[in-house]
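Down below is the structure, laid out as structure tokens.
The values are calculated or read from the model by the stated rules, or taken from the named source; none is laboratory data. Just so it is clear, the model here is predicted, and its values are computed rather than measured. When we count neighbours, we look across all protein chains shown, and the Cβ atoms used for this are built from the backbone with ideal geometry, even at glycine.
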There are 2 protein chains.
Amino acid sequence: VNLFAALERMRRAFAACLGSPATGVRDCLLKEAQEIRREDVEACRRIGELGATLITEGSTLLTHCNAGALATAGEGTALGIITTAARKGKVRAVYVDETRPLLQGSRLTSWELVREGIDVILITDSTAGAVLAQNGVDAVIVGADRIAANGDTANKIGTYPLAVLAARHHVPFYVAAPTSTVDAATPSGKEIRIEERSANEVTHLAGNRIAAEGVRVYAPAFDITPNEFITAIVTENVILRPPFLTAIAALDSAGGKMP
Amino acid sequence: VNLFAALERMRRAFAACLGSPATGVRDCLLKEAQEIRREDVEACRRIGELGATLITEGSTLLTHCNAGALATAGEGTALGIITTAARKGKVRAVYVDETRPLLQGSRLTSWELVREGIDVILITDSTAGAVLAQNGVDAVIVGADRIAANGDTANKIGTYPLAVLAARHHVPFYVAAPTSTVDAATPSGKEIRIEERSANEVTHLAGNRIAAEGVRVYAPAFDITPNEFITAIVTENVILRPPFLTAIAALDSAGGKMP
């Protein structure tokens, strides 16, 4: 949803630029794009700082997919929190889900965290249950693709099982996202339409078929995590706590700048 | 555990053969091996028949890993139930988890079920949460590697998250296994030691590296599903119901032949 928010800003900038002949339209749009980038860098930095306050010393964390420097203009949302907490010496290790089918966890998140000198333990997605059951995780931190007005969160497929497992093992489950990801016009997760990905992403890997012939494939890009499983949503301005409907309404009426 | 039970039978047969000079040791061992095979075929058949009674008409099922004809001497345990129910016209479709890291679901289970003419929908392991949340599944059926005296079940990594999700969505969760898988000498899942697999199984696929360099890997072969998440355990003799401690004790004292 924040991609479309950025596009809408560019569209508005374009309309405004047309009315100011003093500046070329290209320079005017470039200025707006650079401003969006600057704001995203700053939002990531503030999400990292705010979120790091939630992490206790010596924590082992778990994350899913990639919500890092490769997915944002800054240091990332979920990974912004993890790297900020790590620099403060709070992080013992990070379990990274490989995140099938596109392996953003094993390919991207692992790479970013290893580069930061963080101890990365790569697991298959379905190993998270065993790790949580063994009391091996102090907090789960994920990003978000869209957050509804009630806090229901659409994020990379596999987020919802993690949230259910975290709740069962009394492990806090944090969602990290800029306020531009909050879509107050969508009442709940039920109204979020989930994109379906190509069957090839599951049946093939690096061009090689890895599944039997003759199967159908169901490959939703995202799943919905109901608000009841979310401990807190970390934005660049504020840490939202349940009830999220109230917290998000307050955020929205303050134009995202709620303290 | 049933592999070791079979080895123990062969060891006993060997000792007995040594005392009977009339038969060659080789023929004597072959006879015992063939008997074990015959019993396994029959156990699978009976598990299939018994388990199929649990499946309602028009069911969509979900299974994990491979507990089929490629993993047993007969038609399989979990897949024995699914194929038997399918032949009775009860099965609408089967969701098959790909089962990372070794992809037994996409490679083996899918192949077996497609061959049976069953409608197979392949999903990544972490998509099961979304499928269950959409009320897309009527029952989850898995095999077992070892069942403790209280019913706690060790099975392929990823079984436990499925069980937790099935419980949340009020979907029955069935374990299918011959009585030789029940290990009454192990009080609970806590005492089951879990084998760890090679890191390469997660970091590589078909010889190609699919993960960033510098990561550690945690790759347990199995996880433990606590008995509270299991609706029933289908053996070749009886459908065990909670409380499993009592049901398994009765089974054990009857030498596995409990009605």
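Scanning for something of a type in the set (D, E) and over 15 Å from A:N150 (Cα atoms), does the stretch A:246-253 turn up at least one residue? Spell out the reasoning first.
Within the stretch A:246-253, the subset of a type in the set (D, E) is A:252.
Narrowing further to those that are over 15 Å from A:N150 (Cα atoms): none.
No; the residues of the stretch A:246-253 include none that is of a type in the set (D, E) and over 15 Å from A:N150 (Cα atoms).
Would you confirm, using the coordinates I've provided, whether A:G158 is within 12 Å of chain B (Cβ to nearest Cβ), touching a residue at least 60 places away in the same chain (Cβ under 8 Å) and at positive phi?
Here the answer is yes, as A:G158 does meet what is asked.
Search the stretch A:152-174 for residues being among the charged types (D, E, K, R) and not in a strand (DSSP E or B), and hand back the single one that is nearest to A:P243 (Cα to Cα). I'd like the intermediate steps shown before the answer.
Residues of the stretch A:152-174 that are among the charged types (D, E, K, R), as a first pass: A:152, A:156, A:168.
Then keep just the ones that are not in a strand (DSSP E or B); that gives A:152, A:168.
Numbers: A:D152: 11, A:R168: 20 Å.
So the residue we want is A:D152.
Among the listed residues B:I141, B:I123, B:I147, which satisfies the condition of being at pLDDT 95 or above, more than 15 Å from B:T63 (Cα to Cα) and crowded, with 24+ Cβ neighbours inside 10 Å? Reasoning before the result, please.
On the way: B:I141 fails: more than 15 Å from B:T63 (Cα to Cα); B:I123 fails: more than 15 Å from B:T63 (Cα to Cα).
Within the list B:I141, B:I123, B:I147, the selection yields B:I147.
Among the residues that make up the stretch B:165-173, is at least one of them within 13 Å of chain A (Cβ to nearest Cβ), buried (at least 24 other Cβ atoms within 10 Å of the Cβ) and under 20 Å from A:D97 (Cβ atoms)?
Taking every residue of the stretch B:165-173 in turn, at least one turns out to be within 13 Å of chain A (Cβ to nearest Cβ), buried (at least 24 other Cβ atoms within 10 Å of the Cβ) and under 20 Å from A:D97 (Cβ atoms).
What are the residues in the stretch B:175-206 that are assigned to a strand (DSSP E or B) and either within 16 Å of the chain's Cα centre (by Cα) or buried (at least 20 other Cβ atoms within 10 Å of the Cβ) (or both), if any? Explain how you work it out, then say what you get.
To start, the set of residues in the stretch B:175-206 that are assigned to a strand (DSSP E or B) comprises B:175-176, B:182-183, B:196, B:204-205.
Listed by number, the residues that qualify are B:V175, B:A176, B:V182, B:D183, B:L205.
Identify all residues within the stretch B:214-234 that are assigned to a strand (DSSP E or B) and small (G, A, S); write none if there are none. Step through it out loud before you land on a result.
Taking the stretch B:214-234 and keeping what is assigned to a strand (DSSP E or B), we get B:216-217, B:220, B:222-225, B:232-234.
Scanning the stretch B:214-234 gives a single hit, B:A232.
Determine the pairs where a residue that is free of Cβ contacts under 8 Å to residues at least 24 places away in the same chain, located within the stretch B:212-238, has a partner that is outside any loop (DSSP other than H, G, I, E, B) and among the polar types (S, T, N, Q) with Cβ atoms under 8 Å apart, the partner being 6 or more residues away or on another chain.
The qualifying pairs are B:A212/A:S106; B:A212/A:S110; B:G214/A:S110; B:V215/A:S106; B:V215/A:S110; B:V215/B:T203; B:V217/B:T203; B:Y218/A:T127.
Collect the residues in the stretch A:86-103 that are among the small types (G, A, S) and more than 14 Å from every other protein chain (Cβ to nearest Cβ), keeping them in residue-number order. Explain how you work it out, then say what you get.
Within the stretch A:86-103, the first condition is being among the small types (G, A, S), and the residues that meet it are A:86, A:89, A:93.
Within the stretch A:86-103, A:A86, A:G89 meet the criteria.
If a residue has to be surrounded by fewer than 18 Cβ atoms within 10 Å (Cβ to Cβ), farther than 27 Å from B:S126 by Cα and under 18 Å from the mean Cα position of the chain (by Cα) to count, how many in the stretch A:217-254 make the cut?
1
Would you confirm, using the coordinates I've provided, whether B:P161 is within 19 Å of B:I121 (Cβ to Cβ), out of contact with any Phe, Trp or Tyr (no Cβ under 9 Å at 6 or more places or on another chain) and modelled with pLDDT of 95 or more?
Numbers: within 19 Å of B:I121 (Cβ to Cβ): yes; out of contact with any Phe, Trp or Tyr (no Cβ under 9 Å at 6 or more places or on another chain): yes; modelled with pLDDT of 95 or more: yes.
So B:P161 fits the description; yes.
Give me the strands (runs of 3 or more DSSP E) completely within the stretch A:105-151, filtered to those with at least 3 residues that are within 13 Å of chain B (Cβ to nearest Cβ), ordered by residue number.
On the way: elements: A:120-123, A:139-142, A:146-148.
Strands (runs of 3 or more DSSP E) meeting the threshold: A:120-123.
What's the number of the condition A:A211 fails, among (1) hydrophobic (A, V, I, L, M, F, W, C); (2) at pLDDT 95 or above; (3) closer than 29 Å to A:I36 by Cα; (4) outside any helix (DSSP H, G or I)?
(3)
For the stretch B:193-240, which residues satisfy the criterion of being closer than 25 Å to B:G74 by Cβ and of a type in the set (V, I, T)?
The answer is B:T225, B:I230, B:T231, B:I233, B:V234, B:T235, B:V238, B:I239.
Are there any helices (runs of 4 or more DSSP H) wholly within the stretch A:1-98 with 2 or more residues that are surrounded by 13 or more Cβ atoms within 10 Å (Cβ to Cβ) and polar (S, T, N, Q), and if so which? Before you say what the answer is, go through the steps one by one.
Numbers: elements: A:2-18, A:25-52, A:78-87.
Passing ranges, in order: A:78-87.
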